[in-house]
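> Have a look at this one.
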Amino acid sequence: QVTLKESGPALVKPTQTLTLTCTFSGFSLDTSGIRVNWIRQSPGKALEWLARIDWDNSKWYSTSLKTRLTISKDTSRRQVVLILTNVDPVDTATYFCARGGANYPGFYFDYWGQGALVTVS
Amino acid sequence: QSALTQPPSASGSLGQSVTISCSGSSSDVGDYNFVSWYQLHPGQAPKLLIFDVNKRPSGVPDRFSGSKSGNTASLTVSGLQAEDEADYYCSSYSRSDVVLFGGGTKLAVL
């Protein structure tokens, strides 16, 4: 059974750095074709894709946020970490982690976590 | 403003069909068959309904179907049920932005 769960601070001050962790089970990030993404949804707004890391440590970032984002993985802990620097109130959102689909190039999301609400204030 | 355009709302009666559109450009929807659709119920994890334009993951009812014509993708929900009332988002691979989402469509089942 595939599960993902996001964790991190509920409240962050402006200009601080936000660190979010996705802990997953039911698959391994050292298996070929496995990918994990971060996606967020600001209150009342649309979904926004942020970043992706692949089994081979390839990384993809949102064009608009790539200077502030870092994604990394700890395969043995079954975790993916997202770092967002210099946060602003507009970064207030529910942050989701989601597994990327198996079909190449895998830019769809077949399992999602419940999300973690982060408020920047 | 989202890069993919969806109608903010849609509605249909129980048992009827409704189609939600998702308009993009030749840099995303028009040039790649990598469109996916998601269903969001409040407080729940989003659910994948369609990937690669028209493929359904196992467990998704065949009442949900996807298609594409030019720069516009569509999700059709047939035989509307009360539990289909939710927000629906399209997504596409993009040559310039990697992944784009639509603005979302709130579906009401009357």
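Quick note: the coordinates plus some simple rules give every number you see, no bench work behind them. All values reported here derive from a predicted model rather than from experimental measurement. Glycine also receives a Cβ, built like all others from the backbone with ideal geometry; neighbour counts cover every protein chain displayed.
> Taking segment A:70-107, which trypsin sites (Lys or Arg not before Pro) meet the DSSP loop condition and have no more than 13 other C-beta atoms within 10 Å?
Details: sites: A:Lys73, A:Arg77, A:Arg78, A:Arg99; in loops: A:Arg77, A:Arg78.
Filter output for segment A:70-107: A:Arg77.
> Follow-up question, since we're still on this one. Output wanted: per-residue J couplings in Hz (rounded whole) for segment A:68-76, from phi through Karplus 6.51 cos²θ - 1.76 cosθ + 1.60, θ = phi - 60°, x for Gly and Pro.
10, 10, 9, 10, 8, 9, 10, 4, 5
> What Kirkwood hydrodynamic radius, in Å, does segment B:1-102 give when the mean of 1/r is taken over all pairs of distinct Cα atoms and then inverted? Don't skip to the answer; put the middle values down first.
Details: mean 1/r = 0.0733 Å⁻¹.
Across segment B:1-102, the inverse of the average 1/r is 13.6 Å.
> Another one. Between B:Ala86 and residues 5 or more places away or on another chain, which pairs have amide H atoms under 5 Å apart, with H built 1.01 Å from N, and which residues are they?
Counting only residues 5 or more places away or on other chains, the set is B:Leu107.
> Another question about this same structure. Using every Cα-Cα pair within chain A, state what percent have a distance larger than 18 Å.
46 percent
> On to the next question. Give me the one-decimal nm value for the distance between modelled label points at A:Thr3 and B:Thr19, 7 Å along each residue's Cα-to-Cβ direction.
So the label points at A:Thr3 and B:Thr19 sit 4.1 nm apart.
> Next up: When a/c reaches 1.5 or more, the comparison of a/b and b/c decides; with that in mind, is segment A:4-73 rounded, prolate or oblate per its Cα gyration tensor?
Here segment A:4-73 falls in the prolate category.
> Oh, and also: If one computes the Cα centroid of segment B:1-51 and of segment A:1-31, what distance in Å separates the two points?
Cα centroid to Cα centroid, the span is 26 Å.
> Given charges of +1 on the Cβ of Lys and Arg and -1 on the Cβ of Asp and Glu, with all other atoms neutral, how large is the dipole of chain B about its Cα centre, in debye to the nearest 20? Don't jump to the answer; show the numbers that get you there.
Numbers: 7 positive and 9 negative charges, 22 e Å.
For chain B, the charge dipole is close to 100 debye.
> Shifting gears a bit: Could you calculate the contour length gain from A:Arg77 to A:Asn103, that is, 0.36 nm times the residue separation minus the distance between their Cα atoms, to one decimal place in nm?
Values: separation 26, 0.36 × 26 = 9.36 nm, distance 2.51 nm.
Value of the extension gain: 6.8 nm.
> Moving to a separate point now. Please list the radius of gyration and Dmax for the protein assembly as shown, considering alpha-carbon atoms only, with Å as the unit.
Expressed in Å, the Cα Rg and Dmax of the protein assembly as shown come to 17.1, 51.
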